[in-house]
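One structure is given here, and the rest of the page talks about it.
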Amino acid sequence: MRAVVVGAGLAGLVAADELARGGAEVVVLEARSRVGGRVWSQRLPNGAVVEMGAEYILPGNTAVLQLAERLGLGLWDKGMRYGTRDPRGGIGTTHEELVAAMATAEAELASGGHSDESTEDFLDSIEMPPGAREAIIARVEISCANTADRVAAAELAGVAHIDDEPSPSIAGGNQRLALALAEGLGFSVHLDDPVMSVHWDERVRVESRAGDLDADAAVIAVPASVLDRISFEPALPDSVRDALGSVEYGQAAKLFVPLRAPSPPSAVMNVRERYWTWTATGDEDAPQPVVSAFGGSKPALDALEVDQGPSRWLDSLERLRGDLELDLSGAVLSTWADDPWVRAAYSTSPPPEVAAAVERPTGPLAFAGEHTAGEHAALMEGAIRSGQRAARALLTR
């Protein structure tokens, strides 16, 4: 079997790797000049490694860990914990009050009956201290990169659970996953080659900038936010087109500021301005000389004036993290919205119809991407699982 994979993000590369290991001849077409998509690492001049996109391997993300082990990649523990953030600003709350409020929310969710509610409506329906509610809403909006009225209540326990579990990253940068997969695929990966159209019936003909490719099957591994840049002939079935068209995306940005002096691991959240910051360890558990910040939801990014550069955010960060010796001249701002091949951050609470619509191939086409991964949507874990699912479905077709 010959297969074309459209997109060399983590989902597409995993799909290509699975297909190749299953005996298929594979060609991967990527519009960007690099692999990894929203998994993109950089090293600052002071040596700190930062994640321009996806950052954390969360508890229960077994597919990422298994892939890293197979590729011979290690982990950085980071020292700080994704599940525990010091909330500052706003009404005010304590760690103990926040833990109790989340326990109440999770117990109520476990009782059922809230599947169709937003996080905002759900939290309005239960009793908890207003400061704790405000902090939980802030964390949800930051992590989901969208406002709480757009985030399903069912996701609350996953994105705002308070714990002390490790949430590492790949040693040397998460993009090493993509680079290792691409290296294994060799000359099968073609960069700077965006796909314009996909003709499909019994077989597939893909038209890209470099020309036409004929194949037996194809994996479409691009975000739903830019699927309209590809023409499908004939048109996709209504069930698939409508499901993928229903995916909503959030907006997020990251800010990295070098440190003049090392700082121990920390995690501090600005409740009012909807961003959080962390310092972390890297190689050999040594502190990395950088503070990272992540802001989520369009209103938050607008308030931080991200579209005009980092200055407004830097002013806020200086006030929030007076404990750090910031080198403001070396600040780096990373956004997703200005990337024409995604135009957003990641999916927000994709409805179950999305995963159901792409569970099986549509003729010779299989669809992958974090937005198709159900409970693992918006994560590297979801991208990996979706690539595996799409490839295996084609191999057994």
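Side notes on the structure shown:
- Ile142 free of Cβ contacts under 8 Å to residues at least 24 places away in the same chain and not assigned by TED's automatic domain parsing to the domain that holds Ser263: no
- Among the residues listed as Ala31, Ala11, Ala54, the single one being assigned by TED's automatic domain parsing to the domain that holds Arg209, part of a loop (DSSP other than H, G, I, E, B) and among the aliphatic types (A, V, I, L, M): Ala31
- Residue that is surrounded by the fewest Cβ atoms within 10 Å (Cβ to Cβ), among those in the range 123-146 that are out of contact with any strand residue (DSSP E or B) (no Cβ under 8 Å at 6 or more places or on another chain) and β-branched (Val, Ile, Thr): Ile126
- Filter result (surrounded by fewer than 20 Cβ atoms within 10 Å (Cβ to Cβ), in a helix (DSSP H, G or I), within 23 Å of the chain's Cα centre (by Cα) and not basic (Lys, Arg)) within the range 226-261: Val226, Leu227, Asp228, Val240, Asp242, Gly245
- For the range 156-174, taking the residues that are more than 15 Å from the chain's Cα centre (by Cα) and buried (at least 19 other Cβ atoms within 10 Å of the Cβ), the one that is nearest to Thr348 (Cα to Cα) is identified as Leu156.
Conditions tested, residue by residue: (1) out of contact with any strand residue (DSSP E or B) (no Cβ under 6 Å at 6 or more places or on another chain); (2) within 24 Å of Ala345 (Cα to Cα).
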site: Pro194; (1), (2): yes, yes
site: Glu202; (1), (2): yes, no
site: Ile220; (1), (2): no, yes
site: Asp228; (1), (2): yes, yes
site: Leu236; (1), (2): yes, no
site: Arg241; (1), (2): yes, yes
site: Glu248; (1), (2): no, yes
site: Pro262; (1), (2): no, no
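- Residue identified as free of Cβ contacts under 8 Å to residues at least 24 places away in the same chain and over 17 Å from the mean Cα position of the chain (by Cα) among Arg43, Arg21: Arg21
Table: residues versus (1) closer than 27 Å to Ser41 by Cβ; (2) assigned by TED's automatic domain parsing to the domain that holds Leu29; (3) in a helix (DSSP H, G or I).
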{"residue": "Phe294", "(1), (2), (3)": "yes, no, no"}
{"residue": "Asp307", "(1), (2), (3)": "yes, no, yes"}
{"residue": "Ser316", "(1), (2), (3)": "yes, no, yes"}
{"residue": "Val342", "(1), (2), (3)": "yes, no, no"}
{"residue": "Glu353", "(1), (2), (3)": "no, yes, yes"}
{"residue": "Arg360", "(1), (2), (3)": "no, yes, no"}
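- Counted residues, the range 298-325 - those being on the phi > 0 side of the Ramachandran plot and either in contact with a strand residue (DSSP E or B) (Cβ under 8 Å, 6 or more places away or on another chain) or among the β-branched types (Val, Ile, Thr) (or both): 1
- Scanning the range 85-122 for residues that are part of a loop (DSSP other than H, G, I, E, B), loosely packed, with under 15 Cβ neighbours inside 10 Å and either in contact with a strand residue (DSSP E or B) (Cβ under 6 Å, 6 or more places away or on another chain) or of a type in the set (A, V, I, L, M, F, W, C) (or both) returns a single hit, Ile91.
- Tally of residues being among the polar types (S, T, N, Q) and touching a strand residue (DSSP E or B) at 6+ places or on another chain (Cβ under 6 Å) across the range 147-190: 4
- Residue within the range 178-197 that is surrounded by 18 or more Cβ atoms within 10 Å (Cβ to Cβ), within 21 Å of the chain's Cα centre (by Cα), assigned to a strand (DSSP E or B) and touching a residue at least 12 places away in the same chain (Cβ under 8 Å) present: no
- Scan the range 362-397 for residues that are among the acidic types (Asp, Glu) and either buried (at least 24 other Cβ atoms within 10 Å of the Cβ) or part of a loop (DSSP other than H, G, I, E, B) (or both) and the total you get is 2.
- Pair list, Cβ under 8 Å, 6 or more apart: the range 95-116 residue not assigned by TED's automatic domain parsing to the domain that holds Gly131 and modelled with pLDDT under 95, other residue β-branched (Val, Ile, Thr) and surrounded by fewer than 14 Cβ atoms within 10 Å (Cβ to Cβ): none
- The number of residues in the range 222-247 being without any contact (Cβ under 8 Å) to a residue 40 or more places away in the chain, small (Gly, Ala, Ser) and farther than 19 Å from Arg343 by Cα comes to 1.
- Residue in the range 269-278 that is modelled with pLDDT of 95 or more, of a type in the set (Ser, Thr, Tyr) and outside any helix (DSSP H, G or I) present: yes
- Breaking point among (1) under 28 Å from Ala15 (Cα atoms); (2) touching a residue at least 24 places away in the same chain (Cβ under 8 Å); (3) of a type in the set (Asp, Glu), for Glu69: (2)
- Being modelled with pLDDT under 95, within 17 Å of the chain's Cα centre (by Cα) and within 29 Å of Ala153 (Cα to Cα) is a description that applies to Ala337.
The values are calculated or read from the model by the stated rules, or taken from the named source; none is laboratory data. What you see is a predicted model; the values in this text were computed from it and never measured. Glycine gets a Cβ as well: all are built from the backbone with ideal geometry, and neighbour counts include every protein chain shown.
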